[in-house]
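Single-structure report; data block below.
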């Protein structure tokens, strides 16, 4: 998912100044309050070499009272440290109640550098993920606020920064052989980072990926995230101190929980999607036929090999889910697949866990199930409309990841498609639906209401894509302004995934 | 730990009748209240063939309103079920809000029968434990009360029951070839069960092992556990409905949380320890010398091989921890070991996680650390004296298990000794300490106060032994009325464990 981020995002000087002054003041006040309330705070910085960790940590501590925090730089383990389990050297650095510790790199070295170097693999790697998870959960249970930032820059940007440093004799020493070696291994580190983010993201210790090309943008995103997390924790600990001080909510979003961080600073995967990708009719028809035939062959093959396939469709209203599913299944043997349309849960479903109704519909070995909307409703409509509590949808990312892990452990191919259209294209389609009698049934008042909530939905979609795109069950974002392009892309992705499995 | 349980425990007919009548009434009322409050309840029964699962489940449902529960018997998976991930068939059986589901065997089949049969092993086994853990946690987070019973009988008792059934033509059919095969594999199942209990015991889904030789005893233990769990959950959901209805607390235990289940029904590991095991002076002297010399050799060997060893001592006051540690270390090279005495935490330690001070003291590779009292204080003195909350000590079992797993992953040999003396022997030693001037410093008012709390401490010790005895870091219970015996047993255990590691 990292490669989808829009790294070109910037903040102008004047906007930055204004926002930053405000954040500085709030941060200083929050530090004092956290000290009084004895809240320990852990802030982890990971990221690429030359992504600006040092500078950003410096910026972050400037407004803080220096008696209340420590910065700990994590180097390769010393000889003494290497004689202990890898978490040993971090335990003494965990903050006392009321203090803040910032880690410039951390225990994640174990699953990044040590992993790419081949020191940690297989069972040991899995144990490292478990150890990290239980370490952070145990500290969180003990009251620690834990925030983790990954500073992301592209390979090209890293090269640009290295070149600049090396050209200047005064800074050339800052780029060493290790840096250049790691630069060459960018792709390997990227894969390790993706897995790390997926395996160690938790509601009690969430990752925030920071687009770090623009220093001002990165600064604001980090400050906002820290300020927001501290404000929430403090508010939770002193609920009585703030009678009726709940912020006024803008109209039309009455039940939509406020975005934790200003939307402008949220992940920006969707903005980076070129929804205009298109294909002409002749090429579409030709390819469609060929791909549908190939899928039919594969349907037979997965049946013989007993491979189950679960495909979830999500997307904006009018993004073309129905038509896409029809083209996917058009040529298939109906005994081998099933389409499950997902609407609001009925009373019986509501009396169970939200995953209950999806579990019963999961494909058996050798079959394909297509979900027209899916279990992701929990973190989309239920989140945005306030049908579940914040704790519930925050917990859901992990629950869903674990369910999908369970399915893939069994051998299921799990694929998830987000059909992305532009807001303008949606409007065009809505109007067309109203104009054409045979399409009118497709458009309701609710569609228009949902459209008004485009922005909060977008925040939810971005977070969903980020927190549930895993190596074993990846999201595919489908550019869907051109339905032909969207249909072929989904077919291609499904065919690729099944071929990979049948060849394995 | 299962082999340490006292399976001979019995309840008399009259006592049973009285207790059972009361429990029946309470259970029926609790079911109604749980329905109103929409609490879903899951009760899992696992245990040996012929341990009485069927009969006990029947007893348990008798007082219940039949419209409010389901019993689900888990057979080997059908062909259809085998085409899905192993949790799939249990999902539809999870109770709706307000209902109770009893599982006669369950998803634990995957880590018991399927494991012993060799179908599930290695990575797949580890995944099964992870899948079970996340399944139960997700249901618990959604409000389910989850209780798990393991009905335990000895191999001899199982044989006796099978023989009786087979002698009678009317019941002979109930013992099939599979039963007899599993009976022969008793030891294998026992090992799998121990690991299952250790890996899947959680505060949100605890295991209760039921000594099932005596039907009345087993019935009362199961009923009490269910009643207690429901009462707690209901009380937590309706705190305002019970103003000042907190039960009166007996004097002298003011801060001691009530035992969840009557003490008479708790696990009974300690009652089964023969503290009178003894050895005569000559044999002691001869063996002590020899074993100490062997340990000295091993100290050198672990140094060369960089193996760390962590040894925790716990036990009753005056059980002889200090003298035992002295004999263990008497002949060692002082550069290779360290003794860490553990008292109440100081202010700096109190400002951190309770494990913080132990982490920093853990042995580095090649060294031995002996802890005179340990991190187990959390679930002993801190629990009994109310120095931490119930949620905190309940969470601690898992935290401690995970810490010890982390240590053993690194290669540390982790050993834990509980020095067990009889209450009479403690009294004798206390009096001796008062009588003899040179021992008087060892006895304080606090020792006498602790002695008064023998019973609640015993409950805490039993639960600690049960929940934290893991395959990778086992407890050894040391019969310590005879100090000589105790010293030799500890030496033997340490020597064995290190030899096992150095030979591996």
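Estimated from helices alone, the mean residue ellipticity of the protein assembly as shown at 222 nm is -15500 deg cm²/dmol (sum of -39500 (n - 2.57) over DSSP H runs with n ≥ 4, per residue). With a 10 Å cut-off around each Cβ of B:80-88, the average count of Cβ atoms from other chains is 6.
Please work out the Cα convex hull volume for segment A:380-422 and give it in Å³ per residue.
On the way: hull volume 3.5 nm³, N = 43.
Each residue corresponds to 81 Å³ of Cα convex hull volume.
Taking other C-beta atoms within 10 angstrom as a stand-in for reagent exposure, A:161, A:326 fall in the order A:326, A:161, fewest first.
Using just the alpha carbons, could you tell me how many Å³ per residue the convex hull of the protein assembly as shown encloses? Write down the numbers at each step before the final one.
Values: hull volume 220.2 nm³, N = 1008.
Expressed per residue, the convex hull around the Cα atoms of the protein assembly as shown is 218 Å³.
Scoring A:299-311, A:104-116 by mean Cβ neighbours within 10 Å over their residues and listing the highest first yields A:104-116, A:299-311. Treating each Cα of segment B:35-114 as one equal point scatterer and applying the Debye formula with no solvent, the log10 of I(q)/I(0) at q = 0.26 Å⁻¹ comes out as -1.28. Take residue A:424, move 7 Å from Cα toward the beta carbon, and the resulting point lies 9.4 nm from the same point in each other copy, nearest first. Here, P(r) means the percent of Cα pairs in each 10 Å bin from 0 to the largest distance; for segment B:84-231 it is 9, 34, 36, 19, 2.
When the Kirkwood radius is taken over all Cα pairs of segment B:400-478, what Stokes-Einstein diffusion coefficient follows at 20 °C and 1.002 mPa s, in µm²/s? If you can, show how the numbers build up before the last one.
Numbers: Rh = 14.9 Å.
Approximately 144 µm²/s, per Stokes-Einstein.
Given in Å, the Rg to one decimal and the Dmax to the nearest whole number for the Cα atoms of segment B:344-416 are 12.8, 38. Ascending distances from the residue B:391 label point to its copies in the other chains, with the point 7 Å along the Cα-to-beta-carbon line: 0.8 nm. Sorting A:338-345, B:133-140 by their mean Cβ neighbour count within 10 Å, with the most densely packed peptide first, gives B:133-140, A:338-345.
With each label modelled as a point 7 angstrom along the Cα→C-beta vector, the residue A:155-residue A:277 pair spans 1.9 nm. Less than 19 Å from a label point 7 Å out along the Cα-to-Cβ axis of residue A:93: which backbone N atoms in segment A:19-61 qualify, by residue? From segment A:19-61, the list is A:40-61.
Ascending distances from the residue A:283 label point to its copies in the other chains, with the point 7 Å along the Cα-to-beta-carbon line: 9.0 nm.
If one computes P(r) from the Cα atoms of segment A:271-503, what percent of pairs lie at distances over 21 Å? Percentage above 21 Å: 58. Shielding of peptide A:125-133 by partners, expressed as the average count of other chain Cβ atoms within 10 Å per residue Cβ, is 3.
Scaled to the compact-protein estimate 2.2 N^0.38 Å, what is the alpha-carbon radius of gyration of chain B, rounded to two decimal places?
On the way: Rg = 24.4 Å, N = 504, 2.2 N^0.38 = 23.4 Å.
Expressed relative to 2.2 N^0.38 Å, the Cα Rg reads 1.04.
For the segment B:353-362, counting C-beta atoms of other chains within 10 Å of every residue's C-beta and taking the mean gives 5. Label positions at residue A:67 and residue B:293, each projected 7 Å from the Cα along the C-beta direction, are separated by 6.2 nm. Roughly how many whole Å is it from the C-alpha centroid of segment A:372-424 to that of segment B:394-420? Here the two parts' Cα centres lie 36 Å apart. Rounded to 0.05, the FRET efficiency of the residue A:6 and residue A:171 pair, given R0 = 25 Å and the Cβ-Cβ distance, is 0.30.
Suppose R0 equals 41 Å; then what is the FRET efficiency for residue B:236 and residue B:13 from their Cβ-Cβ distance, rounded to the nearest 0.05? Intermediate values should be presented prior to the final figure.
Values: r = 36 Å, r/R0 = 0.87.
That gives a FRET efficiency of 0.70.
Between residue B:448 and residue B:55, what length comes free when the chain is fully extended (0.36 nm per residue of separation minus the Cα-Cα distance, one decimal in nm)? Could the numbers behind the result be given before it?
Working: separation 393, 0.36 × 393 = 141.48 nm, distance 4.54 nm.
So the extension gain works out to 136.9 nm.
Using only Cα atoms and rounding to the nearest 10 degrees, what angle (0 to 90) does helix A:281-305 make with the longest principal axis of chain A? Once rounded, the angle reads 80 degrees.
Figure the gain on full extension for residue B:303 and residue B:119 (residue separation times 0.36 nm, minus the Cα-Cα span) and round it to one decimal in nm.
Working: separation 184, 0.36 × 184 = 66.24 nm, distance 3.98 nm.
The span from residue B:303 to residue B:119 would gain 62.3 nm if fully extended.
Using a 7 Å offset from the Cα along the Cα-to-Cβ direction at both residue B:163 and residue A:78, what is the distance between the two label points in nm, to one decimal? Taking the two extended label points, one gets 6.6 nm.
Throughout, read-outs are computed from the coordinates displayed, never taken from laboratory work. All values derive from a computational prediction rather than experimental measurement. Methodologically, a virtual Cβ is constructed for each residue, glycine included, from the backbone with ideal geometry; neighbour enumeration extends over all protein chains shown.
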